[in-house]
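Chemist: My questions will all concern the structure given below.
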Amino acid sequence: MRFGETRDPAPTTMEELAPGGLLAKLSRMDVVARRAIRGARSGERRSRKRGGGLEFAEHRDYEPGDDLRFVDWNVFARLDRLVTKVFIEEEDLTVALLLDASASMDWGNPNKFLFARRMALCLGVVALRAGHRLRVHGLGGSCPPDLAGLRGGSRSLPLSSWLLDARASGGSDLAETVGRVSGGRQGRGVLILLSDCLEDGAADAVRRAASSGWETWVLRTLCPEELDPGANGLAGDLRLEDVEQEGGVEVTVNRSLLQAYHARLNADRSNLESEVRRAGGRLVELDTSLDPELVLFELLRRGGLLR
């Protein structure tokens, strides 16, 4: 087996994509949008508050701490089940997930493309359950047609089906694609790019999205073999091949080369973070070996994307 070649089989079900009851643990989370940009027409966002002009949306299971005023006692009398009424209020928020499906993503253990799709599913489910409008776009690779206008917790199935059908291959032009899909925002918008950012264009992509009014996040996904190749088995005389373009290079992996690699990686990290910040976005680096719950409940919550 080649260095970095993924050992685990690809997921075929939503449960394999988000194992261990992960999605059930996200019920009280929400996406944070800091920019107050109003679109041409009002949208809808679910709220637990009651007030004038609110419209009933759906029921969800009661959770400790919910306001008892919104418990549907008629449902409890019929089914002996506690559910809470969820309403709609006028406050538009669109969440756009952009998944890098270039060949470099389909690499590593744990696999970067699998990890990115798992994060996309979790973030998408959080957005849907919170009542936001959800869009999903593939960058490169072989992905199903873009999803747009998804809303409501029941739309988790088409989201998971899209992610399960996506395949990584070839290259991708991040800036061009982000520029194309970032138009048409209604109201406030949070755009989340999931990519390894191993090609040029991430900062330009953020700049294009920000100029269109999106609050933009880059979730840079790297695997252990990239973060510390020496500790993960890279050694000896090797030929390294580019998975997205023809060509390769023969190297001797020794201590000096690994030190140079780490210096280059750290410089790349610092440069990318600075460029993304100057472009108006935020960057979070994610190691695919991290527990998804740690990423969602600690890193992304502490970073300010989720609450």
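What follows draws every value from the coordinates through simple rules; no lab data is involved. None of the values given here were measured: they were computed from a predicted structure. Please note: Cβ atoms are built from the backbone with ideal geometry, for glycine as well, and neighbour counts cover all protein chains shown.
Chemist: Can you work out the FRET efficiency for the pair Glu298 and Asn74, with r the C-beta to C-beta distance and R0 = 35 Å, to the nearest 0.05?
Modeler: With R0 = 35 Å, the Cβ-Cβ based efficiency is 0.35.
Chemist: Could you pull the Cα extents of the chain along its three principal axes, largest to smallest, in whole Å?
Modeler: Principal axes ranked by extent give 72, 41, 33 Å for the Cα atoms.
Chemist: To continue, here is another question. How much net charge surrounds Gly141 when only the other residues with a Cβ under 9 Å from the Cβ of Gly141 are counted, with Lys and Arg +1 and Asp and Glu -1?
Modeler: Net charge around Gly141: -1.
Chemist: Rg and Dmax of the range 183-245 over Cα atoms: what are they, in angstrom?
Modeler: For the range 183-245, the Cα-based Rg and Dmax read 16.9, 55 Å.
Chemist: Over the chain, what is the percentage of antiparallel beta bridges among all DSSP beta bridges, to the nearest 5?
Modeler: In the chain, approximately 45 percent of DSSP beta bridges are antiparallel ones.
Chemist: What number in nm² do you get for the range 160-302 if you take the convex hull of its Cα atoms and divide its surface by four?
Modeler: Approximately 10.5 nm², given one-decimal rounding.
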